[in-house]
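Have a look at the structure below, then the notes.
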Amino acid sequence: MQAVEIAKDTYWVGVVDYNHHDFHGYSKSPEGTTYNAYVIKDQKNVLIDTVAPGHGKTLLCRLAHILPVEKIDYIVVNHVEQDHAGCLDQIIAACKPEKIFCSTMALKSMAGYFGEQMKSWPVQAVQSGDSISIGNHTLVFQETRMLHWPDSMVTYCPETKILFSQDAFGQNISSSWRFADEHEKGDLFQRVKEYYFNIVLPYSPQVLKTLPVVESLDIDMIAPDHGLIWRGGMCKEIVDMYRTMAEQKPRKKAVVIYDTMWSSTEKLAYGVCSGLEESGVPCTILSVSKNHHSAIMTALADASALAVGSPTHNNTVLPYVMSALTYIKGLRPKILVGGAFGSYGWSGESPKILQEFLSGMKCEMPADPVKVQWRPGHEDMQKAYALGKQMAGCLLEKCGQ
Ligand code: FEO
């Protein structure tokens, strides 16, 4: 349980949690994440962020390998969400810091979580541009409101050129490694995508506002609160990737999601997919009952078209379909083109419901929904194929092709 020195006198003292699976509906596969916390040793010793509830002792043990815990003078709270501040009371009780720095907005959320006990804490609110000297190091604070909570801020150390970026630039990876360049690159960036599209996506306008601030800094290392630390040339790679993900320019790819009762809607899904593929738009099909909605969001990272299918069940769509759509809508992906389809026995409401839902998400719907009674025959499959083709035509136009 050693700390890891990531730069001279700067240490990682976080926790690797191999069992954490679900973050408020974002389900990771494989399981696990990292709650990163950092210490800078100087005339004033500083702890930057803490860890999730239940892991405070591990943090304190790791910390004790560097210095007695009561030698921590300052705690910086970049973000109050409980995976980083859930054991703050335990850490404060052990370290008895002289000061705790956080954003103005964090005062409210901290009070909400810790109530009366917070009144005795030596908390000092800081704003963008405020800085403190701790000896040979300076800490400069930059608020990043709604990236992804109102309280969020980042802390920059100009002497070591490290940006402590809280949730931003993180990934849910649990491993023995601390640096991004030690992990297999394809998997690393897939995890970045998964994390961004399941957590950060709705705050993309704030990302685009913050990136120039990050780029104006001389950075050798980006140390997030989850996963691996970016160093050297990888700092630019992750910043560039964030810009791409935030901009969500048209992507020439489609996702088809569906649920099915007796395989009729599933058959239509494959028909829609063929229409897309044979028009030059690569397509992924995901059953909502066999794939977690987090996986669907990750698939949408590369796609700008979405077709949704559900049979009619009790005059509406099947529950897993609506569950996935509710999750997707909340994360606000830029889906430029939509399509709806579904089978039915006697009432047939679902394709219209799906069409209206996707319209409400501001998707362009180039075709009427495909509605098929009982089992799809040849003509019905042609309708599904035509839906895919119309969606592809519309998407290719938006992609400038
Ligand atoms: Fe990792 Fe917003 O907490």
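Odds and ends about this structure:
- Extension gain (nm, one decimal) between Glu5 and Thr244, 0.36 nm per residue minus Cα-Cα: 82.9 nm
- Across segment 45-133, the convex hull enclosing all Cα atoms gives 85 Å³ per residue.
- Considering only Ser175, Ser343, Ser310, the mean-square fluctuation computed in a Gaussian network model of the chain, springs between alpha carbons under 10 angstrom, is largest for Ser175.
- Annotation: per residue accessible area for the chain equals 40 Å², rounded to a whole number [probe 1.4 Å, protein chains only].
- Summing charges over all other residues whose Cβ lies under 11 Å from the Cβ of His20, with Lys and Arg as +1 and Asp and Glu as -1, gives -3.
- Links that overshoot a 28 Å alpha carbon limit, given the list Lys352/Lys389; Lys236/Lys290; Lys267/Lys389; Lys57/Lys193; Lys193/Lys352; Lys28/Lys371: Lys236/Lys290; Lys57/Lys193; Lys193/Lys352; Lys28/Lys371
- The slack in the chain from Lys99 to Arg332, taken as 0.36 nm per residue of separation less the alpha-carbon distance, amounts to 80.0 nm.
- Accessible area (Å², 1.4 Å probe, nearest 10) - His79: 0 Å²
- Inter-part distance where segment 212-291 and segment 302-378 are each reduced to a Cα centre, Å: 20 Å
- Three-way shape label, segment 22-75, alpha-carbon gyration tensor, a/c 1.5: prolate
- Computed from the Cα positions only, the extents of segment 93-240 along the three principal axes stand at 47, 35, 33 Å, in decreasing order.
- Kirkwood hydrodynamic radius over Cα pairs of segment 342-401, then Stokes diffusion coefficient at 10 °C and 1.306 mPa s, in µm²/s: 126 µm²/s
- Cα-based shape type of segment 204-298, given that a ≥ b ≥ c are square roots of the gyration tensor eigenvalues and the cut on a/c is 1.5: prolate
- Helix content alone sets the calculated 222 nm mean residue ellipticity of the chain: runs of n ≥ 4 DSSP H residues at -39500 (n - 2.57) each, divided across all residues, give -10500 deg cm²/dmol.
- A simple spin-label model places pseudo-atoms 7 Å from Cα toward Cβ; at Ser176 and Arg375 they are separated by 5.6 nm.
- Nearest-0.05 FRET efficiency for Lys185 and Asp368, computed from C-beta distance (R0 41 Å): 0.40
- Rounded if a/c under 1.5, otherwise prolate or oblate - the chain, Cα gyration tensor axes: prolate
- With every protein chain in place, segment 221-262: carbon and sulfur % of accessible area (1.4 Å): 61 percent
- Summing charges over neighbours of Asn315, with a neighbour being any other residue whose Cβ is under 12 Å away from its Cβ, gives 0 when K and R count +1 and D and E count -1.
- Only one residue of Cys87, Gln355, Cys157 has its Cα farthest out toward the positive end of the dipole of the chain, where Lys and Arg carry +1 and Asp and Glu -1 on Cβ, and that residue is Gln355.
- Within segment 170-188: backbone nitrogen closer than 20 Å to the Cys61 label point (7 Å, Cα to C-beta): 174-178
- Inter-label distance, nm, simple model (7 Å from Cα along the C-beta direction), Ala111/Gln127: 1.8 nm
The values are calculated or read from the model by the stated rules, or taken from the named source; none is laboratory data. Quick caveat: nothing in here was measured; it's all calculated off a predicted structure. Glycine gets a Cβ as well: all are built from the backbone with ideal geometry, and neighbour counts include every protein chain shown. The accessibility values were calculated without ligands, DNA or RNA, using every heavy atom of the protein model including side chains. Shrake-Rupley method; radii C 1.70, N 1.55, O 1.52, S 1.80 Å.
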